[in-house]
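Worksheet for the structure shown next.
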Amino acid sequence: MDESTSNANPSQIASRLDWGRVRTAMLICVLMLVLYGALLIGSAWLVGRDAVVCFQFVYFRGAVGIPSAIIASVSVVALLAAGIGGDFKIQLWGLSLEGPSAPITMWVVCFLSISLSLYTLFPAVDSVAKLPPVLARLCGAS
């Protein structure tokens, strides 16, 4: 890191950002969220709201967690790439990544860390009977 960027104040950094790229990255992130929401609403309309809600609660890590991890990882990498001008390098423990391998590696690291946190924070629900009583009644468990 050179001396000019380490001592830069936030207004200098903001003036160097390419706001067109940042807006494009934000638009991509919002479109991914809208498409995911449309998928959930469409499946609830086709299959039935109760079935989709039950599926999401029983298989939360797979139905909600993994798609959210994908969207969050893409958002982090897209905003990072847009914020620094698109080309970035990763140098870590003697490994140097440049070009397309740097954002791909960054996405994989972000995705795996978010997925691991989802796995550890949300316990698996093996059956509808293990849901709270309100959800179990909604899902038809006796």
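Take the residues in region 49-64 that are of a type in the set (Gly, Ala, Ser) and within 21 Å of the chain's Cα centre (by Cα); name whichever of them is surrounded by the most Cβ atoms within 10 Å (Cβ to Cβ). Walk me through how you get there before you give the answer.
Filtering region 49-64 down to residues of a type in the set (Gly, Ala, Ser) leaves 51, 62-63.
Checking the rest, the ones that are also within 21 Å of the chain's Cα centre (by Cα) come to 62-63.
Values: 62: 13, 63: 16.
Selected residue: 63.
Output the number of residues of region 114-128 satisfying the condition of being surrounded by 12 or more Cβ atoms within 10 Å (Cβ to Cβ) and either modelled with pLDDT of 80 or more or not in a helix (DSSP H, G or I) (or both).
7
If you scan region 85-122, which residues turn out to be of a type in the set (Gly, Ala, Ser) and free of Cβ contacts under 8 Å to residues at least 40 places away in the same chain? If you could, list the steps in order and put the result at the bottom.
From region 85-122, those of a type in the set (Gly, Ala, Ser) are 85-86, 94, 96, 99, 101-102, 113, 115, 117; that's our starting set.
Matches in region 85-122: 94, 96, 99, 101, 102, 113, 117.
Considering only region 21-43, state which residues are among the small types (Gly, Ala, Ser), surrounded by 15 or more Cβ atoms within 10 Å (Cβ to Cβ) and without any contact (Cβ under 8 Å) to a residue 40 or more places away in the chain. Step through it out loud before you land on a result.
First pass over region 21-43, keeping only residues among the small types (Gly, Ala, Ser): 25, 37-38, 42-43.
Still in the running and surrounded by 15 or more Cβ atoms within 10 Å (Cβ to Cβ): 25, 43.
Scanning region 21-43 gives a single hit, 43.
Just for region 88-113: of the residues that are out of contact with any helix residue (DSSP H, G or I) (no Cβ under 7 Å at 6 or more places or on another chain) and among the hydrophobic types (A, V, I, L, M, F, W, C), which one is modelled with the highest pLDDT? Step through it out loud before you land on a result.
Residues of region 88-113 out of contact with any helix residue (DSSP H, G or I) (no Cβ under 7 Å at 6 or more places or on another chain): 91-96, 98-102, 104-105, 108-109, 112-113.
Then drop every residue that is not among the hydrophobic types (A, V, I, L, M, F, W, C), which leaves 92-93, 95, 102, 104, 108-109, 112.
Details: 92: 79, 93: 83, 95: 79, 102: 80, 104: 83, 108: 90, 109: 88, 112: 93.
For region 88-113, the residue satisfying everything is 112.
So which of 63, 102, 81 is touching a strand residue (DSSP E or B) at 6+ places or on another chain (Cβ under 7 Å) and among the small types (Gly, Ala, Ser)? Even if it seems obvious, please write down each step before you answer.
Values: 63 fails: touching a strand residue (DSSP E or B) at 6+ places or on another chain (Cβ under 7 Å); 81 fails: touching a strand residue (DSSP E or B) at 6+ places or on another chain (Cβ under 7 Å).
That would be 102, the only listed residue that is touching a strand residue (DSSP E or B) at 6+ places or on another chain (Cβ under 7 Å) and among the small types (Gly, Ala, Ser).
Checking residue 46 against (1) modelled with pLDDT under 80; (2) within 30 Å of residue 124 (Cβ to Cβ); (3) open to solvent by less than 80 Å² (accessible area, probe 1.4 Å), only one condition comes out false. Which one?
In the conditions (1) modelled with pLDDT under 80; (2) within 30 Å of residue 124 (Cβ to Cβ); (3) open to solvent by less than 80 Å² (accessible area, probe 1.4 Å), residue 46 misses (3) alone.
Residues checked against (1) more than 19 Å from residue 25 (Cβ to Cβ); (2) part of a strand (DSSP E or B); (3) open to solvent by 60 Å² or more (accessible area, probe 1.4 Å):
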| residue | (1), (2), (3) |
| --- | --- |
| 68 | no, no, no |
| 74 | no, no, no |
| 96 | yes, yes, yes |
| 112 | yes, no, yes |
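The values are calculated or read from the model by the stated rules, or taken from the named source; none is laboratory data. Computed from a prediction, not measured in an experiment: that's the story for all the values here. All Cβ positions, glycine included, derive from the backbone under ideal geometry; neighbour counts span all protein chains shown. Only protein heavy atoms, including side chains, enter the accessible area calculation; ligands, DNA and RNA are left aside. Shrake-Rupley method; radii C 1.70, N 1.55, O 1.52, S 1.80 Å.
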